[in-house]
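The structure appears below as structure tokens.
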Amino acid sequence: MRRAILIISATIITCTNIAAQTISGIIKDAKDSTTLQFASIGVKGTNVGTVSDITGKFALNYKASSKTELIASFTGYKANTVSINGHENELVIYLEPDVKTLDEVSIVARQNATSMNTISAINAQTISSSGIQRLACCSLAECFENNATVDVGYSDAVSGAKHIQMLGLSGIYSQILVENQPSVRLLSSMYGLNYIPGPWLSGISISKGTSSVVQGYESMTGQINIDIKKPEKSDKFYLEYFTNDYLKQELNLNTSTKINDNLSTVFLVHGATVQQEVDRNNDSFLDVPKSNLFIGSNRFFYNKANKIRSRFGYDVLYEDRTGGQTGFDKEKPTTNLYGATLNARRIHIFENTGFSVNPEKNSSIGINANFVYHEQNSEFGLNTYKPLQKSAYFTALYNTDIFNNKHKISTGVSYIYDNLTEKLNDTTFLKDENVAGIFAEYTLTTTKWSVIGGIRADYNGFYKQNYITPRLHVKYTPIDNSAIRLSAGRGLRSANIIPENISLLNSSRQLIFAEKFKMEDAWNAGISFTQKFFFDNDRKITLNTDFYRTEFANQIIVDLEQHTNTAIFYNLQGKSYSNSFQTDLIIEPLKSFEITLAYRLNDTKTTINHQLISKPLVSKHKALLALHYSTRYERWNFSFTTQYHGESRLPNTKDNPINYQLPEFSPDYFILHAQITRKFKKMEFYVGCENLTNYKQNNPILASDDPFGPYFDTSIIYAPILGRQFNFGFRLKIQ
């Protein structure tokens, strides 16, 4: 720990001696002259760049010449190239909204599905709204099919719950944020991926390794930050309808309104229902639970002369789902038929406000806060689970330049309160946890170097301990449009056993808590290289290669190896680590043709029952090929994706009767997806097919013929359950 702090301090002191000339200015909307926060600005032909702050202002450290050109860009706007001579005092760069009309066809500039960042010190990639729509993405869970970094799968074969994996570890070790606020955690870790509708998203940012200390100490393997549609970039009216061959019906409705010169609002509504019983593998269990889901959001945006910018609002959610055996009626439960039911209600209130204090020093104050009330009533066979969550989050942040605009510092305080009451059958668990923290983060940006060094100190009232979390990110640019990155840092998290292992309630396993749990504690270190090659006609090639290692000082072990009818939980007693290597290649051989190739190798091992073995249900190999072609003006769009998943170790079932045993390893397999989209002036129609080869896991439910017996288990899922799915949808957009 002391060594990590000394490394950060030494890096900061060493790098403060680097100097460069400053280019500064402001970025505005060409239509109404409003400033654009977080717009990208960079020097053409180099890797020098930054983003505008909450007032729209930016500063670049670069010695300009008469041939220097700046490129400014922002989602939903056309990029603008500006020539400078180095003598401008304060540049004003205007960006035009990126919508044109030609022969009554609306044309939106083509976006890469996935882009790799070479400017930031943090290794991050962005999935654009265009990339999200290349496959039918009903929710966040379906948004990663064209991405090799994040794996998504079913938690079990009954409830419909999904989970993610990143760097070879469960998604609970990655932070999922909505507009930089913690989102999918505690109770929403069970079904939260289904609670963020895909049509609401304007972009997804995925960063690997430990992230900024500003959002807390929880990130161990990475961070996923979701950007929701905003009024200034939204259609006045947006309607999307989706259905598929098992008659899932989904409707999304968005409207945006400008209330006055300072205030605007957007309404987002999502409704989905499945009422048909689907059992394509004939095991007497529904492959998809019957369900009704409603999610609504009202988000407000306030901008007062760029001195006060605020985003606030609320989300509400109601869900009712029923899974289990065909013919099960939740109104008439019986032990003759197995059923899994869930009824959830959730309210989320949030606020994010920034105040400009001193524009010359880029000084600002930010206040982030939210409140969550989440209630759930659920039954899984003979198990009854009724949790209630009340959570509050608050962060106050101060940003400013120090010395000059090459050096920035962010410092602040945070507080998180979680009250979780869980009733499992006849047992009640109560967790009342509060965490108070302080943090500071220093950022250096020069022509060749970018450094982010941060440290935070937190006191956890539940564990009654202090925790120090250091993190460091360094980027070096050896040649133009390249980035070599190093990162290292600590991550901690408080485990929530039942919500994070909800799939085990859909089994005959008895949950055994062997000891008092400690905080999960891990160190992550990584190295990456990114290079972009630019050619004529805006064609380019992007190459990214990285390696990350996560090593645990403590981890809550889920031991499914000792007995097939128990799940034993205890603190780590030995080693636990994950090594992850990945390489991505994005090629644009033609302006309208994009090829994405990726390969990932995971080596994840954990000490379970005193043996260091491969972690179950983690695929060692994954490969991806994604093709996308657009005709002129993007009237037609064709997307094709294929994934290869290598074998993974399965939990021990050798003590079961032979007909209830599984092999030691799962088979490898391929998955293929395709979609065709036709765009008109205000309408888009798409038709697609998921899992073209109809690959399905054999025997996803152990002992499906005896669901109340000792060998019943629905949690060993390594491949798709449903098989081939055809879908159709349309979008109506009114500007």
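Values in this text are rule-based calculations from the coordinates and carry no lab data. Note that the structure is a prediction, hence the values are computed from the model and not measured. Here the Cβ positions follow ideal geometry from the backbone for every residue, glycine too, while neighbour counts run over all protein chains shown.
One table, with the values for the structure above:
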quantity: Burial order of peptide ranges 711-718, 657-664 (average beta-carbon count within 10 Å, highest first); calculated: 711-718, 657-664
quantity: Under-5 Å amide H pairs with Gly222, H placed in peptide plane, nonlocal only; calculated: Gln175, Gly209
quantity: 222 nm mean residue ellipticity, helices alone, for the chain (DSSP H n ≥ 4; -39,500 (n - 2.57); rounded to 500); calculated: -1000 deg cm²/dmol
quantity: Lys28, Lys332, Lys307, Lys696 arranged by Cβ crowding within 10 Å, fewest neighbours leading; calculated: Lys332, Lys307, Lys696, Lys28
quantity: Whole-Hz ³J(HN,Hα) from phi, Karplus 6.51 cos²θ - 1.76 cosθ + 1.60, for the range 551-561, glycine and proline x; calculated: 10, 8, 7, 8, 8, 7, 8, 9, 8, 9, 8
quantity: Stretchable slack from Asn336 to Phe685, in nm (0.36 nm times residue separation minus alpha-carbon distance); calculated: 121.2 nm
quantity: Translational diffusion coefficient (Stokes-Einstein; Kirkwood radius from C-alpha pairs) of the range 458-600 at 4 °C, 1.567 mPa s, in µm²/s; calculated: 68 µm²/s
quantity: Computed lengthening from Ile409 to Thr583, 0.36 nm per intervening residue step minus Cα-Cα distance; calculated: 59.4 nm
quantity: Using alpha-carbon coordinates, inclination of helix 2-15 to the longest axis of the chain, degrees; calculated: 20 degrees
quantity: Förster-model FRET efficiency, 22 Å R0, Phe533 and Glu69, C-beta, rounded to 0.05; calculated: 0.75
quantity: Cβ-derived FRET efficiency at R0 45 Å, Thr545 paired with Phe394, nearest 0.05; calculated: 0.70
quantity: Selection of trypsin sites (Lys or Arg not before Pro), the range 214-244, meeting DSSP coil and at most 15 other Cβ within 10 Å; calculated: Lys236
quantity: Considering only the range 114-734, percent of DSSP beta bridges that pair antiparallel, nearest 5; calculated: 95 percent
quantity: Sorted by Cβ neighbour density within 10 Å, fewest at the top, the residues Thr447, Thr257; calculated: Thr257, Thr447
quantity: Backbone N under 18 Å from the Asn565 label point (7 Å along Cα→Cβ), restricted to the range 708-729; calculated: 708-715
quantity: Net lengthening on full extension, Ala623/Ala553 (0.36 nm per residue, minus Cα-Cα); calculated: 22.1 nm
